[in-house]
Structures are given as C-alpha cells and as structure tokens.
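The values are calculated or read from the model by the stated rules, or taken from the named source; none is laboratory data. Note that the structure is a prediction, hence the values are computed from the model and not measured. Glycine gets a Cβ as well: all are built from the backbone with ideal geometry, and neighbour counts include every protein chain shown. Ligands, DNA and RNA are excluded from the accessible area calculation, which covers all protein heavy atoms including side chains. Shrake-Rupley method; radii C 1.70, N 1.55, O 1.52, S 1.80 Å.
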Amino acid sequence: MPHPSVEFRVVVNGVEIVREWSWDRVSRVKEELKRMGFRWTGGGWVGRLRDPASLYALKALLDLSDEELDEVAKASGVGSGDAVLVVGNIADRLRPYVAASYGSSHLVSVTRFIRDFIASDRKAIAEVSSYEEYVRRAAEEFRSLVRGLEIRGDLEAAVRSAVEIALSSERLKSLYERRVAWRRVELWPTKAVLNFAGRELAAELGNFKLAYNVVEKDGEVKQIFIKLVKILRENDKVIIKYPVFIREKISDVLRKYGYIVLKKDLEYGRVEYRQNISLHDFQRRAIDSWEKAGRRGTIAVPTGGGKTFIALAALARASTTALVLAVTQELATQWAERLRRHLGVSPGMLGAGRHDVRDVTVAIYNSAVKYIDELVGRFGVVVFDEAHHVPAETFKEVALALDSPFRLAISATPRREDGNEMLIYEAVGPLVYRATYSEMIEAGLVVPVEHYRIYIKPSPEEEQSYRSAQAATDNAIVLRNIASQISSKIPIAVEVVKREVALGHKVLVFTQFLEQAKAVYNRLREESIRSELITSEERDRASAFSRFLSGASKVVVTTTVLDEGVDVPDADVAVVVSGSGSKRQMLQRVGRVVRRAPGKTVARVYELIARGTIEEALSEARHMDDVIEESICRKFSEQTLREFLRATKLTDFRSF
C-alpha cells in the first residue's frame, strides 16, 4: 500500500520551498537539513545558506529547479562573495577553480582565480605598472573567460569582492613584488641584463639570424647565416648581447615571456652644428623621410645628387655626436673638409695614419673595425657613406658592432649583385627614399649622358686564348679577366682621349687592372698628353688629384680607387676600358662625370667592349639607362667609330 504524501515546507534565505513527499523521504531530508543548520519552527524547516557549495547540495536534496536555485542564490548573496554560479560549458582555464558542479552548472571561485593569476601569469605582469593594476587585469581576465555564459547571481559583486580580498592581502602583494623584481630586465642599446633565462626564451633568441651572401673564389654565391644574439653568464646575471638594430625585437620577445623591461639609454653628447647648406626640394624630402622612419634608414640618390649634403643636413637635425664612415682616404678627407665648411665643426679623423677621435669623427671603414672599442658608446648618429660597401665582411663588422641609435646609409646604388643589400636595410634601416635622375636634372645638379659603346676585336692570339679558356671553364670571372685586358683596347682608348682633350675636356679613364692602367697611362705620355696615374700603389695620390682638379693635367687614369664618391665636378668624359661587370660599378663611374658645371651641358661615356666575348653580355647587364638618363646611346665597331670621328667636326662634336 503506497505511503500517503505530506506537505513539506522549507524556508531557505527567506525563500519558501514546498514539496508533497512521502513521510519516508521527508524523514531522510530533515536529517540532512539538521546537519546543514536548519531548525524546525513548527510550520517548517528554516535556515540560511551563503556557501555556494551548500546551495548546490541543497539543490540535489530538495530537487530544486534552476529557477528556484537562482532565487535562493540571489537571496543568499552568492556572487558578492568569492564565487559565482556559471551555467554551460566553461573554458579549460576555469576548471581548476570549480568548487562544485551539478550537471551543467558550476560553482567557480573568483578569488582563487585571481590568486593563481598573481602567482603564475607571465604576460600581464610585463604590461602593468602597479599591483592594483595587476589585480584588476586578473579580474578582467576572469570576466573575459565567462563572457557569453549564463551567470547565476551578481557577477560584478563577486568580482568586486574578490578584488577587495586580493588588494587587502599583504601576502599576495609581496608575491607580486618578488615576481616583478625577479622578472625585471635592464634593456641597454646592445645588451639586456636578466636574473634568469629559460630554455624557451634562449631557443627563440637563437632564431635571430641574418642571411649573408659570400662570394667564393670561383664566383659562386654561398648564403650563410649570422647569429645576432649571444647569451652569457656574468656572476649571478644572464647577459643577452645583440646589435642595436634589433633592440626593439628583443624587447618584444622579453615581454612575451613576461619580463618587466626597463629601457636604459646611453647619454650621447649634444653638438651644435652651424648649418650652412641650401637644399633642393627632393633632398629635403629625403631627410624628412629619414626622420619619419625614426632617424633610421637608407637614402638612394644617383651620383651627383648631393648625397653628402643630404647627410650633412641630417646630422644638423640630429644635433648629436656623429661618426661618418668613408671608404677611402680621399673620401674621408673630403668629408672632413665639408663638415668644417658646411656645419662649422672640426672633426677628428681615424685612418690613413691619423688617430684622433672627437665628438664628430670621420673614419675609414677598415680603421673603424680595427678600433671599434673606442667608437662604441660615443656617437648618437652614424653615417654609412657609399653604403653598398657595408655588406662586405669588413663593413659588416662595424655595422653590427656600433651602438648608435640613429643611422643613415647613403648610396647611389644600395642594390648589390650578391643580394647583400638586405644587410644594409637590417643593420642601418630600410630604403626610405630613392631620388630619380630626372629630379636631379630639374634641380640643375647633373646633365644628360651620351653613351658610346665601342666593340673591339681581339687580336688572333688573344681570341685563341679566350676560346681555349672558354672551352676549359665556364667561370665568368676568368673569362671576363681575359676579355677585359685585350691589347687592342689601348689604342682605341688613347684615340678617344686625344679627341676629347683636343676639345678642351677633362677625362677620367677607368680600368679594372693595374697593368692595364699603367699601359694606357704610358701611351698617353708618349702622345704628350699630360696625365695622372691614380691607383692604390701611388703614394702621392693627393698631389696627382690636385693637379687634375686645377687643370694642370687633363686626364686621370685610374683603377677602382675613384669608383667611389670622389667629387670631380668639371670632369666631362669617362672612358671605361674595363670593369667588374657590375651595374653598381658602372653607375659609380658614370657618376664621376655627370655633375653640372659652368658651360657643361652633357657628359660623355665611352665603354670599350671585347667583341664576341662575355663582355658583350656584361655590358648589357650593367647598362644604366633605367637609372641615368641617356640622351644618346650608340654602338660602334672600331671602324665605324673612326669613320664617325673623321666625319664629325670638332665644333659639331662640342654641341652634342
């Protein structure tokens, strides 16, 4: 016979719950209620529960519906304590903080979440400035994890309560301060000082590498990778060393791993430059672009566009100690003179027998590498002149070692055949401005170019030698060296030079080989043409160069020492007898004669090419018509050249 049901009343937190149950069930439930602190009032069982875990137990005991549980929970103040009731699937990150679960409902402790966040977080700790901000970041993190889920009770009240508990905890605050001190990093321009470094951090720092191409003896290009970061231990500290140009990337990685990064900058001296430079519009645009890029970057300006003046104006804007790196002794001397004249400073010199380092210093690259320890930490800005040389091994060393935060590379042709221009862009800064030849013509800085390409037949013996080599090897450098030095180039070069000197022009003769330069020079002397020989072997190059500048000599025969940056504003003609085959070198050589001077309306370039050899392909590869504006580009054989010269009067030739 079924047991009769009785009315069973329970009042929880003032909320009445009524059930029709059998007497046996009522007996079992009332015993549990007694243990939970409820008392019998004659009309029912009355009690208060604030513990969310007890509420969940009561839900099972009384078969509370979700609506009933929600009403009881609100009346109990659940959510204003250290926990909230969350309904639905919760994130894995919240599961360690679940005090109890019933079906899809979970009791989650906000206080425990915040406590563990303070003890173990590795990201936010590097982004906050105080303990209070850190606790509030923890609270926001909790909110983001329950966002979109159904919350029973007052979430904000629960979070506020948990925040108050954390802020009042001296233990948690002390833990935060210890973690901050342990994770604090001093980030200097080229090194970081840490208390510890884990394997994951070391592995990621090991990925900082720079691709670098090396040209081997056989002409093949081999790519290697330069490690940019070293990790050392000094006493109880970890030292991370790196080049200055990846400092921000190192900072980002350290923050990623929860380090507190404190930037420590070196104090560089201030220099008052007295600028006396008038810039053209495109030159001002170049400097503006460099400044917008954080005073780091590469400016490409064809030769004759005033790269030096752009760099001088950049130094004046930076108003700090400066190091200028030059390729040769002649260029270093030229830089020193312009610094005195246009910026009103007396620079120190490093190289070519001088060792005088000042707040503004001009150094030859090789000497800078040799005395790099004296240069580190002294200069706020560094200028890499003729920057396409920086990727070479020697120049790479100085670019990676210097700690100057402001960097400017200037070059006519930063692009290199070996692909190492990326080293310039990484070590100095990306290409921020490229001037065009048209801009330079409009500014009145350069003149158009007439380009004459003369194809010269080798002698039978030389042709046989070349064909034999061609059959034995496909090495382009070997074949180029044979073709470039054919003897029949010499009389053609002399004939062209005689013609131009007769017109009153000043001529630069470029070769790649010392013996070839001497041969041309000796033949010119035999023809009674006053000439100078400027090579790496000549000790008194300055005097020879001075005689050419003054007009005492009309011709300079040189190898590669005048390829770079030397100002010869009144040179009209370039005769290229031989070269490396690179477009960069060709542009540099042509650049020596394109600068505008009084009465100069055009520059002429004669390119001598061994017919039927690899030089024909090299000539096409180095053709510079996409960079320098050519008003004429004509091809001649030896015979058609002589016919052209005989048919053209001197007065007509002058008007070209």
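Just for segment 157-207: of the residues that are of a type in the set (F, W, Y) and out of contact with any helix residue (DSSP H, G or I) (no Cβ under 8 Å at 6 or more places or on another chain), which one is surrounded by the fewest Cβ atoms within 10 Å (Cβ to Cβ)? If you could, list the steps in order and put the result at the bottom.
Residues of segment 157-207 of a type in the set (F, W, Y): 176, 182, 188, 196.
Checking which are out of contact with any helix residue (DSSP H, G or I) (no Cβ under 8 Å at 6 or more places or on another chain) leaves us with 182, 188.
On the way: W182: 12, W188: 21.
Only one residue tops the list, namely W182.
Within the set of pairs 6+ apart or on separate chains, which have a first residue in segment 188-209 that is outside any loop (DSSP other than H, G, I, E, B) and among the charged types (D, E, K, R), a second that is open to solvent by 50 Å² or more (accessible area, probe 1.4 Å) and at pLDDT 95 or above, and C-beta atoms under 6 Å apart?
Filtered contacts from segment 188-209: K191/K241.
Going residue by residue through segment 128-142, is there one that turns out to be under 30 Å from E67 (Cβ atoms) and of a type in the set (F, W, Y)? Steps first, please.
Start the filter on segment 128-142 by keeping residues that are under 30 Å from E67 (Cβ atoms), which leaves 139, 142.
Okay, now just the ones that are also of a type in the set (F, W, Y), so 142.
The answer is yes, given that some residue of segment 128-142 is under 30 Å from E67 (Cβ atoms) and of a type in the set (F, W, Y).
Report, by residue number, each residue of segment 146-170 that is of a type in the set (S, T, N, Q) and either over 24 Å from S101 (Cβ atoms) or outside any helix (DSSP H, G or I) (or both).
First pass over segment 146-170, keeping only residues of a type in the set (S, T, N, Q): 161, 168-169.
Answer for segment 146-170, where residues must be of a type in the set (S, T, N, Q) and either over 24 Å from S101 (Cβ atoms) or outside any helix (DSSP H, G or I) (or both): S168, S169.
I'm trying to understand the selection: among the residues of segment 330-367, which are open to solvent by less than 30 Å² (accessible area, probe 1.4 Å) and out of contact with any strand residue (DSSP E or B) (no Cβ under 6 Å at 6 or more places or on another chain)?
Passing the criteria: L331, L339, H342, L343, G344.
Suppose we filter segment 249-282 for residues that are of a type outside the set (A, V, I, L, M), under 14 Å from L315 (Cβ atoms) and in contact (Cβ under 8 Å) with a residue 60 or more places away in the chain; how many remain? Outline the logic, then answer.
Initial filter on segment 249-282 (of a type outside the set (A, V, I, L, M)): 249, 251-252, 255-259, 263-265, 267-270, 272-276, 278, 280-282.
Those left that are additionally under 14 Å from L315 (Cβ atoms): 268-270, 272-276.
If we keep only those that are in contact (Cβ under 8 Å) with a residue 60 or more places away in the chain as well, we get 268-269, 273-276.
Of the residues in segment 249-282, 6 are of a type outside the set (A, V, I, L, M), under 14 Å from L315 (Cβ atoms) and in contact (Cβ under 8 Å) with a residue 60 or more places away in the chain.
Which residues, counting only those in segment 319-347, are closer than 17 Å to L402 by Cα, hydrophobic (A, V, I, L, M, F, W, C) and out of contact with any Asp or Glu (no Cβ under 8 Å at 6 or more places or on another chain)?
Within segment 319-347, L323 is the sole residue that qualifies.
Determine, yes or no, whether E461 is free of Cβ contacts under 8 Å to residues at least 40 places away in the same chain and in contact with a Lys or Arg (Cβ under 8 Å, 6 or more places away or on another chain). Walk me through how you get there before you give the answer.
Numbers: free of Cβ contacts under 8 Å to residues at least 40 places away in the same chain: yes; in contact with a Lys or Arg (Cβ under 8 Å, 6 or more places away or on another chain): no.
In short, no.
Could you grab the pairs with beta carbons closer than 7 Å, sequence gap of 6+ or different chains, first residue in segment 490-502 and farther than 13 Å from S528 by Cα, second one open to solvent by 50 Å² or more (accessible area, probe 1.4 Å) and assigned to a helix (DSSP H, G or I)?
Between residues of segment 490-502 that are farther than 13 Å from S528 by Cα and residues that are open to solvent by 50 Å² or more (accessible area, probe 1.4 Å) and assigned to a helix (DSSP H, G or I), the close pairs are I490/R523.
Inside segment 409-421, can you point out the residues that are out of contact with any Pro (no Cβ under 8 Å at 6 or more places or on another chain) and either at pLDDT 80 or above or among the charged types (D, E, K, R) (or both)?
Result: A409, I410, S411, R415, E417.
Within segment 586-626, take every residue that is of a type in the set (S, T, N, Q) and at pLDDT below 90 and give me the one that is most open to solvent (accessible area, probe 1.4 Å).
Filtering segment 586-626 down to residues of a type in the set (S, T, N, Q) leaves 588, 601, 613, 619.
Then keep just the ones that are at pLDDT below 90; that gives 588, 601, 619.
Values: Q588: 1, T601: 93, S619: 0 Å².
Going through the qualifying residues, I end up with T601.
Listed here are the residues, each with its yes/no results for (1) outside any strand (DSSP E or B); (2) surrounded by fewer than 16 Cβ atoms within 10 Å (Cβ to Cβ).
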{"position": "E272", "(1), (2)": "yes, yes"}
{"position": "S278", "(1), (2)": "yes, yes"}
{"position": "F282", "(1), (2)": "yes, no"}
{"position": "G297", "(1), (2)": "no, no"}
{"position": "A314", "(1), (2)": "yes, no"}
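Condition check ((1) more than 27 Å from Q464 (Cβ to Cβ); (2) out of contact with any Lys or Arg (no Cβ under 8 Å at 6 or more places or on another chain); (3) among the polar types (S, T, N, Q)) across all residues:
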site: R589; (1), (2), (3): yes, yes, no
site: V593; (1), (2), (3): yes, no, no
site: I609; (1), (2), (3): no, no, no
site: E615; (1), (2), (3): no, no, no
site: E630; (1), (2), (3): yes, yes, no
site: C633; (1), (2), (3): yes, no, no
site: T640; (1), (2), (3): no, yes, yes
site: F644; (1), (2), (3): yes, yes, no
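With the condition being touching a residue at least 60 places away in the same chain (Cβ under 8 Å), I'd like the strands (runs of 3 or more DSSP E) fully within segment 326-415 carrying at least 2 qualifying residues.
Numbers: elements: 348-351, 354-356, 360-364, 381-384, 406-411.
Where strands (runs of 3 or more DSSP E) fall fully within segment 326-415 and carry at least 2 residues being touching a residue at least 60 places away in the same chain (Cβ under 8 Å), they are 381-384, 406-411.
Of the residues in segment 284-295, how many are surrounded by 15 or more Cβ atoms within 10 Å (Cβ to Cβ), out of contact with any helix residue (DSSP H, G or I) (no Cβ under 7 Å at 6 or more places or on another chain) and assigned to a loop (DSSP other than H, G, I, E, B)?
Of the residues in segment 284-295, 1 are surrounded by 15 or more Cβ atoms within 10 Å (Cβ to Cβ), out of contact with any helix residue (DSSP H, G or I) (no Cβ under 7 Å at 6 or more places or on another chain) and assigned to a loop (DSSP other than H, G, I, E, B).
Being touching a Phe, Trp or Tyr at 6+ places or on another chain (Cβ under 8 Å) and of a type outside the set (D, E) is the filter here; which residues of segment 510-550 pass it? Outline the logic, then answer.
Of the residues in segment 510-550, the ones touching a Phe, Trp or Tyr at 6+ places or on another chain (Cβ under 8 Å) are 531-534.
Listed by number, the residues that qualify are S531, L533, I534.
Hey, I118 hits all of (1) buried (at least 17 other Cβ atoms within 10 Å of the Cβ); (2) farther than 19 Å from L155 by Cα; (3) more than 51 Å from the chain's Cα centre (by Cα) but one; which does it fall short on?
Failed condition: (3).
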